[in-house]
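The block underneath contains the structure these notes are about, expressed in structure tokens.
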Amino acid sequence: MPDKIAFLPPKKSVLDRRDIIVSDLADLLPKGCLVSEPRGLVPFETDAFIAYRNVPLAVALPETTAQVAAVLKYCSRYGIPVVPRGAGTSLSGGAIPQSDAVVIGLSKLSRILDIDYANRTATVQAGVTNLNISEAVSADGYFYAPDPSSQLACTIGGNIGMNSGGAHCLKYGVTTNNLLGVKMVMFDGTIIDLGGKALDSAGYDLLGLICGSEGQLGIVAEATVRLIAKPEGARPVLFGFQSSEEAGTCVAEIIGMGIIPVAIEFMDRPAIEICEAFAHAGYPMDVEALLIVEVEGSEAEMDAMLASIIAIARRHGVSTIKESQSATEAALIWKGRKSAFGATGRIADYICMDGTVPLSQLPYVLKKTGEIVARLGLRVANVFHAGDGNMHPLILYNINDPEDAARAEEAGNEILKLCVDAGGCLTGEHGVGIEKRDLMLHQFAKVDLDQQMAVRAAFDPQWIMNPSKVFPLEGRPAA
Amino acid sequence: MTAKAGTPLADIQDALAQKRQMLAFEPLDLRPVLGTTGNTTIGGVFATNASGPRRFVAGAARDSLLGVRFVNGNGEIIKAGGRVMKNVTGLDLAKVLSGSRGNLAFLTEVTFRLLPVPETSATIVISGLDDAQATAAMATALSMSVEVSGAAHLPETVRGRFLGGALPPEPATVLRLEGLSASVTVRAEKLRAALASFGAVSTIDPEATDTLWREIRDVYPYADQTLRPLWRVSVAPTAGHQLIAALRLETGVDAFYDWQGGLVWLRMEADAEAGLMRHFIKAFGGGHATLVRATPALLATTPVLEPQPEAIAALSARIKSKFDPAGIFVSHATPRGMAGRP
């Protein structure tokens, strides 16, 4: 892909002092917690947004909150940029470093500190993976609700940074709705505790600001999250349609009728073919669009809710209805959906968009997306969280063909502008990162961004925290 | 739904009721407790993050708020957030404005999420539990997959004030279920069976359920036409009754519990006892207390809001200066702000 998105120019004062910085950081960290050799740095040069890469100056892998604080205190003293990194699964380049940056990785902060069923909370270090939390409490009948597709790998710290969602957040909300407290290290090494096991905390809603701040306000070292009792049962049902528009209007009507299933996922024909070939989930192959609707509760509840949903689907010309008959079948249906990105990666390079639109606009935006992609001679597979309007068009291209890559980026930008113009936003759960940074002025006026940047500066006046991300490089306040 | 901030809450609720929609966070109305009148506005609801019993499952006002338009201290008109549920485009300024009590900016427009009104509801009552047993019973109920949407404990001193005295004798631990009627029936049965070992179990109908939870929401027992100090305390659910037990050894207090025991409304006999209160909150794992009502003399001498640790107070002051450099939005932080007026 052409190097169109610029990073901040590296600070010469930092690069020139590289050896001293590495040596100083080594003094602050235990043995084996600092990576500075060229080969060791390679895994940290990009994340799941592989179109860009930069080798960082060094990578710190602290084992304690105090070590995170020591590294940040040092970096702020010398104006060294810092890029926080969870598992590196960002789809927007949130964890891609810059060449003068110290990456602070969370991988060694991987302990579950406290599980409290009476208060239904778990307190974990930030490097614990999303799925680890649910697995730790599953046998006792609980789970942690946000479930991004990368949940096997992604960390809770990264989830907080990006305010991650997932398929099941239609009912349970995204990270910000499930986060009760954090221990966070500020840019200068100050450690603050926000929230806790109580449902709300005193003063301004700083937790709400931190969630989704993409590593620009501080580094979360510990988090307290809500646990939820697992439903008695859950049943995904497949609804096949002969057009994407019909499926889209069906979704709008389900939600409009006041029915909130746990999840409504959408796949168009290319996505169905890709996922079925990979997961053998039993998806119908003779339809143009597929909805996976999951209901949960007791058998009686699921039957009642499904009856209403089926009635609506019939009004929209549903051609196939297939209920999962066993837990294995249900797991396969979700495996197919959650492996969509990985399975797509097997057949082509792709960029994944993340715009969110009001439900009433779904059919229109799907149609226009198809037109944009066709005009540029590319292919698209749509697989996304339809219930909350969070679209994920995967634009397929060849990363080794610069012209193809440029067209893919152009298509992506047009699609995101389309989402904003339809009353939506650039990103529902992947974050702005580096990828969508330069589109921010399409969604926000300058004055809106200035206010956000001013608040950002209240946390990090030196702009050392993940500074190349989120806000356009032009028009920033002087640090 | 998008509304101008000055729209009366009552108008919004009327419009929503016609479409069988609602604000899931059940905004509370403290006018009866404060003895105030006037129109609650939707802007005030969000500015105070005023959230009722369903908060512990459906989130607070801040969780329903999708986007805002506001005027900052420089007179600039700014928008933040948007119209869609999922949105991580930039910093979530709507969150920090929600609950900021008009101290950062002037909200002019709010966009928020709606949920359908449940088809029906029921309340399971367990009678005769003390505060500690009630906390255990509520934790049991919430460990089950029955989706309890309200969990409160009404000790004997307040029980008679609810539903015009119609709750069964003895302290009442109340659990609300909502949803499709077939589903509520099944879940109520499961809940009754699981809680029978705690005490006598009874069920109240949807109409009385609506009234009861409105009375819990609006702190009905303490709408007593007095200015006796009233605290709103938010702690971990299992800490609420410990806090009350500790306070009782020191002073005269009356209290009841919402949010599974984590939201405590407590009325002091005479003095506000702020020092004692904050000492015990820390001792039982942290949280915060707001003095919602007191005599003018007490209000003038008591820190109404929970004092913040130094680093957080300094950060909050920096954030304030970024919205309002000249400090024109003066926060009196008075309990009146809780009534839902911007």
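Read-outs: derived from the displayed coordinates by stated rules, not from any lab. Please read these numbers as outputs of a predicted model, since none were measured by experiment. Glycine also receives a Cβ, built like all others from the backbone with ideal geometry; neighbour counts cover every protein chain displayed.
Listed values, structure above:
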item: Taking N as its residue count, the alpha carbon Rg of the range B:171-283 over 2.2 N^0.38 Å; result: 1.25
item: GNM top mover of B:SER145, B:SER100, B:SER181 - chain B, alpha-carbon springs below 10 Å; result: B:SER145
item: The protein assembly as shown, dipole about Cα centre (Lys/Arg Cβ +1, Asp/Glu Cβ -1), debye to the nearest 20; result: 1300
item: Test item: B:155-168 mean partner chain Cβ contacts at 10 Å; result: 0
item: Value in Å of the Kirkwood radius, where the range A:348-421 supplies the Cα pairs that are averaged; result: 12.1
item: Order of A:HIS385, A:HIS280 under a 10 Å beta carbon neighbour criterion, fewest first; result: A:HIS280, A:HIS385
item: B:GLU26 long-range amide H proximity, modeled H, under 5 Å; result: B:GLY52
item: Size-normalised alpha-carbon gyration radius of chain B, reference 2.2 N^0.38 Å; result: 1.00
item: Average beta-carbon neighbours from other chains, 10 Å sphere, peptide A:187-200; result: 6
item: Whole-Å semi-axes of the range B:43-127's equivalent ellipsoid (Cα gyration tensor); result: 29, 15, 10
item: Rg and Dmax of the range A:234-340, Cα atoms only, in Å; result: 12.8, 35
item: The range B:78-167: Rg to Rh, with Rh as the Kirkwood radius over Cα pairs; result: 1.13
item: Neighbouring partner chain Cβ atoms per residue of A:297-308, average, 10 Å criterion; result: 4
item: Reciprocal mean inverse distance between Cα atoms of the range A:12-105 - Kirkwood radius, Å; result: 13.1
item: Highest-MSF residue in chain B out of B:ALA141, B:ALA194, B:ALA105 [GNM, Cα springs under 10 Å]; result: B:ALA194
item: For B:GLU273, residues with placed amide H under 5 Å, excluding near neighbours; result: none
item: Euclidean distance of C-alpha centroids, the range A:407-461 and the range B:271-307, integer Å; result: 42
item: Net charge contributed by nearby residues that have their C-beta within less than 14 Å of B:ALA151 (K/R +1, D/E -1); result: +1
item: Ordering of A:203-210, B:30-37 by burial proxy (mean other Cβ atoms within 10 Å per residue, highest first); result: A:203-210, B:30-37
item: Span-like helix ranges in chain B, DSSP H, alpha carbon extent 30 angstrom or more, Kyte mean at least 1.0; result: none
item: Ranking of B:TYR222, A:TYR117 by count of other Cβ atoms within 10 Å, fewest first; result: A:TYR117, B:TYR222
item: Ranked packing of A:389-395, A:348-354, A:229-235, most packed first, by mean Cβ within 10 Å; result: A:389-395, A:348-354, A:229-235
item: Contour minus Cα-Cα distance for B:ILE77 and B:ALA10 (0.36 nm per residue); result: 21.4 nm
item: All-pairs Cα distance distribution in the range B:220-301, expressed in whole percent, bin size 10 Å; result: 19, 57, 23, 1
item: Residues B:VAL117, B:VAL96, sorted so that the one with the fewest Cβ neighbours within 10 Å comes first; result: B:VAL117, B:VAL96
item: Extent along principal axes [Cα atoms of chain A; Å; largest to smallest]; result: 68, 57, 42
item: Label-point gap, in nm, between B:ARG20 and A:ILE321 - each point 7 angstrom along Cα→Cβ; result: 1.9
item: Hits among aspartates and glutamates - C-alpha to C-alpha of A:LYS12 under 17 Å, sequence gap 8 or more where chains match; result: A:ASP100
item: Alpha-carbon centroid distance for the pair the range B:216-246 / the range B:24-53, whole angstrom; result: 17
item: Estimated FRET transfer efficiency (A:ALA331, A:ARG111; beta-carbon r; R0 30 Å; 0.05); result: 0.55
item: Note, ³J(HN,Hα) from phi for the range B:32-37, Karplus 6.51, -1.76, 1.60, rounded to Hz, x at Gly and Pro; result: x, 5, 7, x, 9, 10
item: Mean projection area, nm², convex hull over Cα of the protein assembly as shown; result: 32.4
item: Choice from B:ILE312, B:ILE281, B:ILE204 with maximal GNM fluctuation in chain B (Cα, 10 Å cutoff); result: B:ILE312
item: Of A:LYS197/B:LYS95; A:LYS197/A:LYS230; A:LYS367/B:LYS86; A:LYS171/B:LYS322; A:LYS368/B:LYS95, pairs whose Cα-Cα distance is over 30 Å; result: A:LYS171/B:LYS322; A:LYS368/B:LYS95
item: Theoretical ellipticity at 222 nm over chain B - DSSP helices of four or more residues, -39500 (n - 2.57) apiece, nearest 500; result: -9000 deg cm²/dmol
item: Relative contact order %, chain A, counting alpha carbon pairs below 8 Å whose residues are six or more apart; result: 15
item: Proximal aspartates and glutamates relative to A:LYS469, as straight alpha-carbon distance under 12 Å, when same-chain residues fewer than 8 apart are discounted; result: A:GLU214, A:GLU435, A:ASP438
item: Rounded Å value of the spacing that divides the Cα centres of the range B:162-184 and the range A:318-377; result: 43
item: Using alpha carbons only: equivalent-ellipsoid semi-axes of the range A:112-229, gyration tensor based, whole Å; result: 21, 15, 13
